[in-house]
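First up is the structure itself, then whatever we jot down about it.
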Amino acid sequence: MNTLKSWRFWVLNVVVFGIAFANLFVLSHSQPFFGHNKTFSVNRIIEHSTWVEGAPVVLTNHFSQVDVNHIGDRFKNGFGFESELVGIFKVHSVDRSKDPIDVRSKISLKQLEHYRHYVTTTHCSGGTSKYCNLVLIWDVRNSAPYRTFMGLLSDDSVLPDSGGKKVKTFVLLDSNLFRTLIGDPSAY
Amino acid sequence: MLTEFAVLLLIALGGTAIAWQLGIRNLWLSLPAGLMISVVLRDVLFATLNMVNLRWMSAFMFFGILALGLVVSAWQSAKGLFKNLLLSATTAILAVTSTRVIGLQGVPHGDSLWILSFARLFDVNGNISYLNGHTAIKRGFSYPLLLSLGPTHEYLSGITPYIFGALCAGVIWVVSKLTIDAARKRVFWVGMLLLAGTFSTVMPLRAIFYINGHTLTAVGLLIAAGASAIAIRDYELTRENLFVICLGVFTASTSRVEGIVLAALVVLSLISQRWIRRSAILWIVGSGTFGLSIWLATYHSYIIHATHLPWFAFMAILIGLGMLPAVKWLDWLRFHIVTVALIAMAVVVVGAELVFRDALAKGNRALVANLVFGSGRWGIFVALIVFGLLLGRLRRLTPEHKTLFVITVSLILGSLITKMLDGGQFGHPTLGRTGWSDSLNRMWLQSFAIFLVTVLVGLVQNDRIWGKVDNSKG
């Protein structure tokens, strides 16, 4: 037996090294994993990742009791607020019976900028994208641990560099701030 | 950090010690077997105590049983056990060090965050009825349960690299058993080549820290496939092999929703053997149906609700149906089930491609982009497998190589079909999208170790590669 005289042996070696070379230097690749992680709390990981489903988790990370209304139906005029996560992270109540309040003519997103706490995306429909922007807004000067957040439709604009893609922006606004900036929440 | 070191060490040592008590003595097998024993214990304890609303006790009982297994084994101070414990402990320490000390973490992904959310629910003993929807059932049972064993409100970060370590040990066990008569130099050389071809791509490395049930499923499938091939080669299913096949089938069936289908494909060759005992068939199939049914029952799954049956009736029917392959008057089908399954799957794939040509066109393009042009971060791993299979022994296949070959083809067809079915829930079947996070692209993580073992065995057994006239058994 002389392995080195076998052409099949050399074909095997050359091809496998060719594949490894192509994998390493020709085809695109990315980092297999990352370093320097110090976060192991599930709640914090979700908050840091700006996950499309993360809104219920972020709100319960900051407040002891959270009630949310005017979410609507994500397949119609509303936006996604996952019921499994509402249960797991103990959002106190979610009212989906009413669509988000349209405040486009009342207040601009820029006016709310000062109070903005968290910007993420959410599932929605009706536009040209199945994703919408979602901004979580509350006033840090108010220390109340119990909060009610109201869903608002704040913007419906064409995204720059998106080829004419129209993306809605929803806001979950603390009801105390709503009262200060827009009016009586109970009127909606 | 210390809590995590303690927890993972207990899982590693306790599982290995119990495996030893149950007769699993091989060094490399002890690591995956110990892990799978931990999976079974954790799942069964959680599901049982959930029925009486004592979920909070399940983790204590789990650790108690592992500790008991360890103490009993240490008391007996059996010869050889120390080596197995040392391997498990070293792997556990390396795993926790990599995540907690060095700070390595997997790539962020929405599915990982869902799984962590479920782990959080288990951690705080929350209401399991929240898990009755489509999302929960797709994210698995065993893996989030293991993740939830971390420090309070944190996940057990070291378990993911530990599972990958168990997969590597499983590969070494299967290869060492299936190439026992081959020259060590051949095995070593081919092993090195395949390592270079595999770990020059991103996805196998990504599996080390990526939070998802794929790698745990891979451990179950690999061990079941390897033990099946060994049994078919030896015309004998030893107690040890039967036990690890059952553990593998249970683990795969509770880790991913498609796991039970893939596990069934893996053990089909063994079940179709004329010499296999009917009791062994019952144990193997029962491991899968029992695992899946306790998972569905615990999650209050919509699948059970759709049948309008109480959970125990659903469980009894599922387990009962799983006993059919052992029925004598179905032997005519059982003996030919591998051929029947392969033809049926090929017909389904080809038929779907013809009937849903337009719907599948985008998915086909994505599949090629992912596996050939690097978008799926697999490099040209597919070329390595195809080339390896073609250059390997193709004539007069040995029983073990033939078994692995059939399993490989079955897993490829099975993965394509399960993806089509998954996509079909939302309309026409699909074959996914371009990018590493596509579910079919990630599904290959569950079977790539089996593909590699198949290639390795074929290459090692082809004497022509090694300059020798083919005169080995066939």
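Which residue fluctuates most in the GNM of chain A (Cα springs below 10 Å): A:VAL42, A:VAL57, A:VAL14? Looking only at A:VAL42, A:VAL57, A:VAL14, the biggest GNM fluctuation is shown by A:VAL14. The Cα center of region B:142-214 and the Cα center of region B:314-345 differ in position by 31 Å. Per residue of the protein assembly as shown, the DSSP helices (runs of n ≥ 4 H) give a summed -39500 (n - 2.57) that works out to -18500 deg cm²/dmol at 222 nm. Here the alpha carbons of the protein assembly as shown define both size measures, Rg and Dmax, at 26.5, 91 Å. Its Cα gyration tensor gives chain B an equivalent ellipsoid. The semi-axes, each the square root of 5 times an eigenvalue, are 31, 27, 24 Å from largest down. Buried accessible surface for the A/B pair, both sides summed and rounded to the nearest 100, is 4400 Å² with a 1.4 Å probe. Each part reduced to its alpha carbon centroid, region A:74-144 and region B:43-97 end up 44 Å apart.
Could you order B:LYS362, B:LYS177 by accessible surface area, starting with the largest, using a probe radius of 1.4 Å? If you can, show how the numbers build up before the last one.
Working: B:LYS362 140, B:LYS177 65 Å².
Putting B:LYS362, B:LYS177 in descending order of accessible area: B:LYS362, B:LYS177.
Across the options B:VAL249, B:LEU330, B:VAL96, the greatest Cα extent toward the positive end of the charge dipole of chain B (unit charges at beta carbon of Lys, Arg, Asp, Glu) belongs to B:LEU330. When the surface is traced with a 1.4 Å probe over the full set of protein chains, A:LYS38 keeps roughly 150 Å² accessible.
Once neighbouring chains are kept in place and the probe is 1.4 Å, which whole percent of the accessible area of region A:42-187 is contributed by carbon and sulfur?
Numbers: 3270 of 6850 Å².
C and S fraction of accessible area: 48 percent.
Helix A:7-21 and the longest principal axis of the C-alpha atoms of chain A enclose an angle of approximately 30°.
Of the solvent-accessible surface of chain B, computed with a 1.4 Å probe over protein heavy atoms with every protein chain present, carbon and sulfur atoms account for 71 percent. Scaled against 2.2 N^0.38 Å for its residue count N, the alpha carbon radius of gyration of region B:122-251 is 1.28. With a 1.4 Å probe rolled over the protein heavy atoms of all chains, the accessible area of B:MET315, A:MET150 falls in the order B:MET315, A:MET150, largest first. Each part reduced to its alpha carbon centroid, region B:379-414 and region A:48-69 end up 48 Å apart. Using heavy atoms of the protein chains and a probe of 1.4 Å, the accessible area assigned to B:ARG357 is about 150 Å².
For region A:64-188, what value does the Rg/Rh ratio take when both radii are computed over Cα atoms and Rh is the Kirkwood radius, given to two decimals? Mind showing how you got there, number by number?
On the way: Rg = 14.1 Å, Rh = 14.8 Å.
Value, to two decimals: 0.95.
Going by accessible surface with a 1.4 Å probe and the largest first, B:ASP111, A:ASP156 read A:ASP156, B:ASP111. Surface analysis of region A:42-187 yields an accessible area of 47 Å² per residue, using protein heavy atoms and a 1.4 Å probe.
Accessible area per residue was computed with a 1.4 Å probe on protein heavy atoms; B:HIS305 scores about 110 Å².
In debye to the nearest 20, how big a dipole does chain A give about its Cα centre with +1 on each Lys and Arg Cβ and -1 on each Asp and Glu Cβ? Walk me through the numbers on the way to the answer.
Values: 20 positive and 16 negative charges, 115 e Å.
Using only the charged Cβ atoms, the result is roughly 560 debye.
The values are calculated or read from the model by the stated rules, or taken from the named source; none is laboratory data. Small disclaimer: the values here were computed from a predicted structure and weren't measured. Ideal geometry is used to build each Cβ from the backbone, glycine not excepted, and the neighbour counts take in all protein chains shown. Each accessible area value is taken on the protein alone, full model and side chains, heavy atoms only, with ligands, DNA and RNA left out. Shrake-Rupley method; radii C 1.70, N 1.55, O 1.52, S 1.80 Å.
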